[in-house]
Each structure stands twice: as C-alpha cells, then as structure tokens.
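Just so it is clear, none of the values below were taken in a lab; they were calculated from the coordinates. What you see is a predicted model, and the numbers here were worked out from it, not measured in a lab. Positions of Cβ are generated from backbone atoms using ideal geometry, with glycine treated the same way; all protein chains shown enter the neighbour counts.
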Amino acid sequence: MPSVVPRPVAELAPLLGWLRGGRPAGERLDFTAGTALPDGRLDLCKQGIGAEGAALVAEVLSERFEGPSPVRHLLLGTDGLGDDGAAAVAAGANVETLYLGCNGIAAGGACRIADNLRASPRVVTGVWLKRNPLGSGGGQAAAELIEAARSLRTLDLVQTGLDGAGTAVLADALLAAADTGRRVERLFIGGNPLGADGAVPLAALIVAGAIDEL
C-alpha cells in the first residue's frame, strides 16, 4: 500500500470555495488539488488529500445546493484516507459514485462506510474499493454495503483479499438483493484468493441471473 503524506489542508481552499458555489463545471477546472470535469466527476486521486482533507470535501458536498450538485462522482484513489477518512466521506458526500481504491481501508472501515450510508440514505450507485486490505472480513463488509446502499449497481472488490468463505457471504447478499428487486449489476472481484470454495457461490449467482457482469 503506497505511503501518502497528506498535503496541507490550506491547499484545498480554492477547491472548497468552488464547491461551496454550487455550480457544476462547464469545462475542465484544475485546482491546486484535483480536477473537476463537466460530466460531474471530481478527480482527487493521488492528490494527498488525507483523512482530514477528505472530511472537508465531504462536508461541503453534504450541503444542499439550489440546483444540481456540482459533483456526482467523487474519486479519491490513493489518497491516504484510511478507515476514518473513508467513513467521513461516506457520512457526508452526497454523490452517486464513491471511488476509494488503494486507501488502506480494512474490513472494519468498509463496515463503517456501510453504517454511514445506512444512516443517511442517498442514491449511491457505485462503490469502488479495489486494492484495500479488506482481508477475510471483506465478504461480510461487502454484504453490509449491499444492504445499506439500496441503489447500488456497481461494487468493486478487486485485490482486496476476499477469500472463498467471504465470497459465499457476499453471494448470499447479492441473491437476497436480487430477490427484493435491488440487483447489483456489476461485481468486480479479480485478483483475490477465491479458490474452489469461492467458485461455487459465484456459479450460483450466474445460474440465478442475480448479476449482469462478473
């Protein structure tokens, strides 16, 4: 996991000021930290945001804007968030996509993300957790995310240490979601030690038609 030295939060001032204005980007906008794009993406990947900076961004994005939110997709890959930063983002940011890859988030942190999404329901359709050390608890954490994010359509668990037992827990959650009309369409789980124990529940998902892309 890359070591990230957080940048001074003062460097986020131009970005935070733009966010508070509540106006979507009509063209590409480059800030000292990050880039806003006309399609609603705020790309803060590899910007050294850190947990404190992520919490500040999420706080602004939790505000109600007169028109559409300036950000629909929040990208925070490789930013040194850890469990605390990830939980803060999930608690505040009112966005459709949370990209949190490679941030040192453990299974407990993923469960906190689920708790915060459950406590403050919003239309989160995609959660990306690739290259976070969820480990053997990743299946249960993912199951909680599926239950909490009621509009979830994409879940990325690539290279998170998901194992066969965790895959079985995850598959049960996906089947239950599909049975209640909340089918997750895309599941990415490459680069994990699933083994034969993980293949069986995945096959059951495919047979049941509980997922579109695997």
Check the stretch 77-99 and report whether any residue there is without any contact (Cβ under 8 Å) to a residue 60 or more places away in the chain, buried (at least 17 other Cβ atoms within 10 Å of the Cβ), closer than 19 Å to L117 by Cα and of a type in the set (D, E).
-> yes
Which one is farthest from G166 (Cα to Cα) among residues in the stretch 181-213 that are exposed (fewer than 13 other Cβ atoms within 10 Å of the Cβ) and aliphatic (A, V, I, L, M)?
-> V207
Among the residues listed as R72, R23, R28, the single one being surrounded by fewer than 17 Cβ atoms within 10 Å (Cβ to Cβ) and either closer than 21 Å to A91 by Cβ or free of Cβ contacts under 8 Å to residues at least 24 places away in the same chain (or both) | R28
Among residues of the stretch 152-197 being over 13 Å from G138 (Cα atoms) and of a type in the set (G, A, S), the residue farthest from the chain's Cα centre (by Cα) is A196
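Hey, which of the helices (runs of 4 or more DSSP H) in the stretch 132-214, taking only ones fully inside, have at least 3 residues that are within 26 Å of G85 (Cβ to Cβ)?
On the way: elements: 138-148, 164-179, 195-208.
Result: 138-148, 164-179.
Select from the stretch 118-148 the residues that are of a type in the set (S, T, Y) and within 19 Å of T180 (Cβ to Cβ) and list them in ascending order.
At the first step, the residues of the stretch 118-148 found to be of a type in the set (S, T, Y) are 120, 125, 136.
Residue satisfying the conditions is T125 alone.
Which helices (runs of 4 or more DSSP H) does the stretch 1-97 wholly contain that include 3 or more residues that are over 19 Å from A149 (Cα atoms) and not hydrophobic (A, V, I, L, M, F, W, C)? Give the steps one after another, and end with the answer.
Values: elements: 13-21, 50-61, 82-92.
The qualifying helices (runs of 4 or more DSSP H) are 13-21, 50-61.
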May I ask you to verify whether R118 is assigned to a helix (DSSP H, G or I), under 17 Å from the mean Cα position of the chain (by Cα) and surrounded by fewer than 19 Cβ atoms within 10 Å (Cβ to Cβ)?
-> yes
